[in-house]
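One structure is given here, and the rest of the page talks about it.
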Amino acid sequence: MMILRFSPSSPFVRKVRIAASLLGLDSEITLERADTTDPNDSLRKINPLGKIPVLIIEDGSAIYDSRVILDYLDERAGGGKIVPRQGAKRLASLRLQALCDGILDASILTVYEGRFRKPEMHEPKWLDLQAGKVARALAALEAAPPALDAAPALPNVGQIALACALGYRDFRFAGSWRSDHPRLVAWLDNFAARVPAFAATKPA
């Protein structure tokens with residue numbers, strides 16, 4: 001049995017949980033909460049960065065970050081299922097995942113600015129920099145939402161990351177992205193309809 005160190009609010013954990021469900025591996029994973037702010041949490045011993053998600057496999061090895069975990073789970077399930085093996089599809093899925101992980105990184109940095117710094121110490125230039133990353137990425141995705149292949153093909157790692165990025169913007173930013181991105185709204189509705197794990201992993 002594998003162990004996933006997690007927090008239910010983490011979009012990067014959500015990526016892993018959705019991937020595990022799509023690959024039929026969720027029954028092989030036990031969830032174990034982690035507190036990234038607690039220096040006494042064993043998380044820092046298994047991942048020196050003290051970040052989640054971390055997947056601990058049967059031999060005790062720790063796998064991180066989410067992109068590496070998704071690649072591992074894909075190979076464990078036979079390979080080529082959510083990570084295309086080669087060619088243009090592989091590059092496109094990995095590039096999309098990088099873009100959407102970047103949206104998440106910028107979004108989380110914005111959240112942390114509000115959580116860990118007093119209001120009078122907020123740095124507008126820093127916040128504007130993060131907001132610009134998100135705005136440009138969402139505009140590019142709105143112009144060309146990634147097509148979901150017809151079933152039984154599974155969503156790829158980039159599409160999973162996009163769903164989690166949009167879900168996180170709903171969770172932490174009150175869905176403010178929706179009014180200007182109708183094509184992405186429709187895309188996310190389609191993804192959610194095809195992937196029950198998206199609703200099952202809604203952050204709390």
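Once you sort the root eigenvalues of the Cα gyration tensor of the range 131-204 as a ≥ b ≥ c, which label holds: rounded (a/c under 1.5), prolate (a/b larger than b/c) or oblate (the other case)?
Since a/c reaches 1.5 but b/c is at least a/b, the shape of the range 131-204 is classed as oblate.
Going by a ≥ b ≥ c, the root eigenvalues of the Cα gyration tensor, does the chain fall in the rounded group (a/c under 1.5), the prolate group (a/b larger than b/c) or the oblate group?
Oblate, because a/c is 1.5 or more while a/b does not exceed b/c.
Let me check against my output: what whole-number percent is the relative contact order of the range 2-76, with C-alpha pairs under 8 Å and at least 6 apart?
The value is 38 percent.
Among L73, L109, L25, which one shows the biggest mean-square fluctuation in a GNM of the chain, springs joining Cα atoms closer than 10 Å?
L109
Calculate how many DSSP beta bridges within the chain are antiparallel, expressed in % of all such bridges and rounded to the nearest 5.
Roughly 50 percent of the beta bridges in the chain run antiparallel, per DSSP.
How high is the relative contact order of the range 87-196? Use alpha-carbon pairs under 8 Å, at least six apart in sequence, and give a whole percent.
Over the range 87-196, the number comes to 36 percent.
Between A144, A131, A34, where does the largest GNM mean-square fluctuation fall for the chain, given springs only between Cα atoms within less than 10 Å?
Sorting by GNM fluctuation, first place goes to A144.
Among the DSSP beta bridges whose two residues both lie in the range 2-76, what percent are antiparallel, rounded to the nearest 5?
Antiparallel bridges: around 50 percent, rounded to the nearest 5.
Where in the range 1-65 are there trypsin sites (Lys or Arg not before Pro) that are in a DSSP coil and have at most 16 other Cβ atoms within 10 angstrom of their Cβ?
none
Going through the cross-link list K51/K202; K51/K133; K51/K118; K89/K125; K125/K202; K15/K133, which pairs have a Cα-Cα distance over 29 Å in this structure?
Among K51/K202; K51/K133; K51/K118; K89/K125; K125/K202; K15/K133, the Cα-Cα distance tops 29 Å for K89/K125; K125/K202.
Using a ≥ b ≥ c from the Cα gyration tensor of the range 1-43 (square roots of the eigenvalues), is it rounded, prolate or oblate, where a/c under 1.5 gives rounded and otherwise the larger of a/b and b/c decides, a/b for prolate?
oblate
Can you compute the helix-only [θ] at 222 nm over the chain? Use -39500 (n - 2.57) per DSSP H run of at least 4 residues, normalise by all residues, nearest 500 deg cm²/dmol.
Only helices count here, giving -17500 deg cm²/dmol.
For the chain, modelled as a Gaussian network with Cα springs under 10 Å, which listed residue fluctuates most, R178, R194, R117?
Highest fluctuation of the listed residues: R117.
Mind checking Rg over Rh on the range 87-196, alpha carbons, Kirkwood formula for Rh?
1.02
For the chain, what does the relative contact order come out to in percent, with C-alpha contacts under 8 Å and a separation of six or more?
26 percent
Work from the charge dipole of the chain (Cβ charges, +1 for Lys and Arg, -1 for Asp and Glu, about the Cα centre) and give the residue of V134, A174, A153 farthest towards its positive end.
Among V134, A174, A153, the one farthest towards the positive end of the dipole of the chain is V134.
Here, each number is a calculation from the coordinates, and none is a lab measurement. What you are looking at is a predicted structure, and each value in this text was computed from that prediction instead of being measured. Glycine gets a Cβ as well: all are built from the backbone with ideal geometry, and neighbour counts include every protein chain shown.
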